[in-house]
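To start, I am sharing the structure in question, which I have written as structure tokens.
Nothing in this text is a laboratory measurement; each read-out follows from the coordinates by a stated rule. Owing to the predicted nature of the structure, the values given are computational and were not obtained by experimental measurement. Cβ sites come from the backbone with ideal geometry, for glycine too, and all protein chains shown count toward neighbours.
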Amino acid sequence: MILVAILVGTLLAGIGSVWLAAALSFGALARYTQHMLSLAAGALMATAFLHLLPEAFESQAAAKDLFLTLLMGLVFFFLLDKAELWHHGHEHHHHHHGDGHGASHVHDHTPPQAGSWAILTGDSVHCFGDGILIASAFMADMRLGAIASLAVLAHEVPHHMGDLMVLRSGASNKRMALVKVSLAGAVTAIGGLAGYWLVEQLRDYLPYFLVMASSSFIYVALADLIPQLQKRLTARETLAQIAWLGIGIALVTLVSGAAHAH
């Protein structure tokens, strides 16, 4: 039963996020991109702080060790981001060294024929990691797994939008770009299977997996999404941003509340 849930969760997060990204990039939803960024940031932070971390801290693991894991996770994702920025900058010699706003920003400025394979490889590795995170959340608690799947879906959307834009600039075929990114997204399910096996073997380390998942969500929200929202806006646009951030937090809280009730 847990394995089925992991497969459904990972496929929904992995491929669902690509299709939603395509709708936002190419479809009628394109004008709501900024709102989706706010929503994703709120959902990610709520998932990390209200669910994954409390679940990890309820275990027998020492709080100091868990906080150390959180810190190491944040530094790890920062270095991963740096490596990706450096890789893109090196490949295309553009001048965005000072722009620490995560990979999705760099994707937007990448010229045609960008290293689309590099992007797809990076994406596949990232999705594999997401699959392991979702699996470890499901192993801890079905409700937590459902929330983690939704959180991964939310944070992958802006990422995949960047990827689709890059692949689109290299080859003007929308459908081909969508197929390639969908295949990378499908790797999430392979990560889910690996995670199911790994967490089964390493059950005692589950709290650390959950904290690692939290650090990934917190990092993406604070380093990648929120900087994209830090623009000079009118009072009305700022209120809309805050409202969507709140909706993201409320959605996660409601989903968990509803799951708790059943």
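Starting from the 7 Å offset along Cα-to-Cβ, what nm value, one decimal, do you get for the label separation of Lys174 and Ala194?
Distance between label points: 3.3 nm.
Beta carbons within 10 angstrom, averaged per residue: use that to sort the peptides 190-198, 57-65, 153-161, highest first.
153-161, 190-198, 57-65
Can you tell me which of 221-227, 77-83 comes out highest on packing, and rank the rest after it, using the mean Cβ neighbours within 10 Å?
221-227, 77-83
Moving on. Measure off 7 Å from each Cα along the Cα-to-Cβ vector at Trp19 and Lys64, then give the distance between these two points in nanometres to one decimal.
So the label points at Trp19 and Lys64 sit 4.9 nm apart.
Sticking with this structure for a sec: Spin-label point model (7 Å from Cα, Cβ direction): what's the Asp204 to Phe76 distance in nm?
So the label points at Asp204 and Phe76 sit 1.9 nm apart.
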